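The values are calculated or read from the model by the stated rules, or taken from the named source; none is laboratory data. Source: prediction; values computed, not measured. Cβ coordinates were reconstructed from backbone atoms using ideal geometry, including for glycine residues, and neighbour counts include every protein chain displayed. Just so you know, the surface numbers come from the protein's heavy atoms only, side chains and all, with ligands and any DNA or RNA stripped out. Shrake-Rupley method; radii C 1.70, N 1.55, O 1.52, S 1.80 Å.
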Amino acid sequence: MIVNRNILTLDEFTLTQLRQFPSATGELSRLLRDLALAAKRVNVEVNKAGLVDILGDYGTINVQGEDVKKLDIFANNQFMGVLKHGISCAGIGSEEMDDFVVFNDEVSNNSKYVVLFDPLDGSGNIDVNVSIGTIFSVYRRVSELGKPCRKEDFLQPGNKQVAAGYVVYGSSTMLVYATRRGVNGFTLDPSIGEFSLSHPDIRCPETGKFYSVNHGNFFQYDEPVRKYIDGCQRKTKETGGPYTQRYIGSMVADVHRNLIKGGIFMYPGTIEKPKGKLRLLYEANPFAFIVEVAGGMATDGKQRILDIQPTELHQRTPLFIGSKKMMEELETFTGVEK
Ligand code: P6P
């Protein structure tokens, strides 16, 4: 008996999805291929960051006021480049760029999607070889096709996302993406240079034992959040614990672990930063979409992340995201607007 050991590549997987919807144009499949190509190129540089002069600061400060690492710029240019030269994207918003970028050429103006991304999240960890990642969010345009995309195309609430995903450049390189049909994970197979389906139909465990938060800010958090964190530390076998505190300082790595194994990730507002540190459009929204499709929850401590109406590209939001039962327990402390 011949056993077909071929694991579906990302391209083969998206084509099988496409075949189930003959009316689909294939633009989203092509968009995912473009993003995967950029991810492969970034992966090559991330994997040799210590060997070439791509390590360290680029000498500029980005719109976030953070030192820009050379890999940040390289990654930004790779993702923007494949999307600009593809057939599926009319424009982008990037963590590394002050404003939205409207591609405004004949093909792009007829493309029906826009993409928001953080090209290299956690880049402060590059120099110490800790996992970093790319995060992306895909929306169908609301503006008229045939004309340049507009600001309102990018400022849609997260519940309008068509797809979202991330790449984690870690012990292996994985691309995970969600549509409303499910969440699937693909591991880069160096032997064929393709992302191959390694984690089909990812589900976020209803509960878990990992809680991820920066304890250094503990006394800056609101009292309900402090009480919840204190409770995490007091969990015993009898009360669903004991919990483990895991915080890598790289959101993609922390949320990916909790998505797979169960857990809660928190970046609450603080006295110094009442809206927290993380960005709504290209960090909180894509992960909220992915985790909700996988059966988890994501709020800003009061409301569903995906229901927030954005007002500007780089706005921040507190973020609480993860396993349903852990999020529901958090809500008994913080309350939530239903
Ligand atoms: P802190 C990385 O800079 C990042 O944006 C996320 O990837 C990460 O979760 C967070 O900041 C860490 O922030 O303030 O705890 O160091």
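With within 21 Å of the chain's Cα centre (by Cα), of a type in the set (A, V, I, L, M), open to solvent by 10 Å² or more (accessible area, probe 1.4 Å) and within 18 Å of VAL183 (Cβ to Cβ) as the only criterion, which of ILE248, ILE290, ILE260 stands out?
None of the others qualify; the one that does is ILE260.
Can you give me the number of residues within region 116-127 that are open to solvent by 10 Å² or more (accessible area, probe 1.4 Å) and either farther than 25 Å from PRO310 by Cα or in contact with a Leu (Cβ under 7 Å, 6 or more places away or on another chain) (or both)?
Total satisfying the criteria: 5.
Any chance you could count how many residues in region 105-158 are part of a loop (DSSP other than H, G, I, E, B), farther than 17 Å from ARG279 by Cα and more than 16 Å from the ligand (Cβ to nearest atom)? I'd like the intermediate steps shown before the answer.
Filtering region 105-158 for residues part of a loop (DSSP other than H, G, I, E, B) gives 105, 110-112, 122, 129-131, 141-150, 155-157.
Those still in the list that are farther than 17 Å from ARG279 by Cα too: 105, 110-112, 129-131, 141-150.
After this cut, where a residue has to be more than 16 Å from the ligand (Cβ to nearest atom) as well, the list is 105, 110-112, 141-150.
Count: 14.
Checking the structure you have, find out if any residue of region 128-137 is touching a Ser or Thr at 6+ places or on another chain (Cβ under 9 Å) and open to solvent by less than 10 Å² (accessible area, probe 1.4 Å).
Checked against the condition, which is being touching a Ser or Thr at 6+ places or on another chain (Cβ under 9 Å) and open to solvent by less than 10 Å² (accessible area, probe 1.4 Å), region 128-137 yields at least one hit.
Scanning region 263-284 for residues that are buried (at least 19 other Cβ atoms within 10 Å of the Cβ) and aliphatic (A, V, I, L, M), which turns out nearest to the ligand (Cβ to nearest atom)? Please lay out each step first, then the result.
Taking region 263-284 as the starting set, the residues that turn out to be buried (at least 19 other Cβ atoms within 10 Å of the Cβ) are 263-270, 276-284.
Among the residues that remain, those that are also aliphatic (A, V, I, L, M) are: 264, 266, 278, 280-281, 284.
On the way: ILE264: 13, MET266: 10, LEU278: 6, LEU280: 13, LEU281: 14, ALA284: 11 Å.
Per the stated criteria, the residue is LEU278.
What number of residues in region 293-304 are under 14 Å from the mean Cα position of the chain (by Cα) and either closer than 20 Å to TYR221 by Cβ or within 14 Å of the ligand (Cβ to nearest atom) (or both)? Steps first, answer last, please.
Step one: list which residues in region 293-304 are under 14 Å from the mean Cα position of the chain (by Cα), which gives 293-294, 298.
Applying the additional criterion that residues be either closer than 20 Å to TYR221 by Cβ or within 14 Å of the ligand (Cβ to nearest atom) (or both) yields 298.
Qualifying residue count, region 293-304: 1.
Please work out which one of (1) open to solvent by less than 10 Å² (accessible area, probe 1.4 Å); (2) of a type outside the set (Asp, Glu); (3) part of a helix (DSSP H, G or I); (4) away from the ligand (no atom under 13 Å from the Cβ) is the condition PRO310 fails and give its number.
If we test PRO310 against (1) open to solvent by less than 10 Å² (accessible area, probe 1.4 Å); (2) of a type outside the set (Asp, Glu); (3) part of a helix (DSSP H, G or I); (4) away from the ligand (no atom under 13 Å from the Cβ), just (3) comes out false.
Of all residues in region 313-338, how many are outside any loop (DSSP other than H, G, I, E, B), in contact (Cβ under 8 Å) with a residue 12 or more places away in the chain and of a type in the set (Ser, Thr, Tyr)?
Total meeting the criteria: 1.
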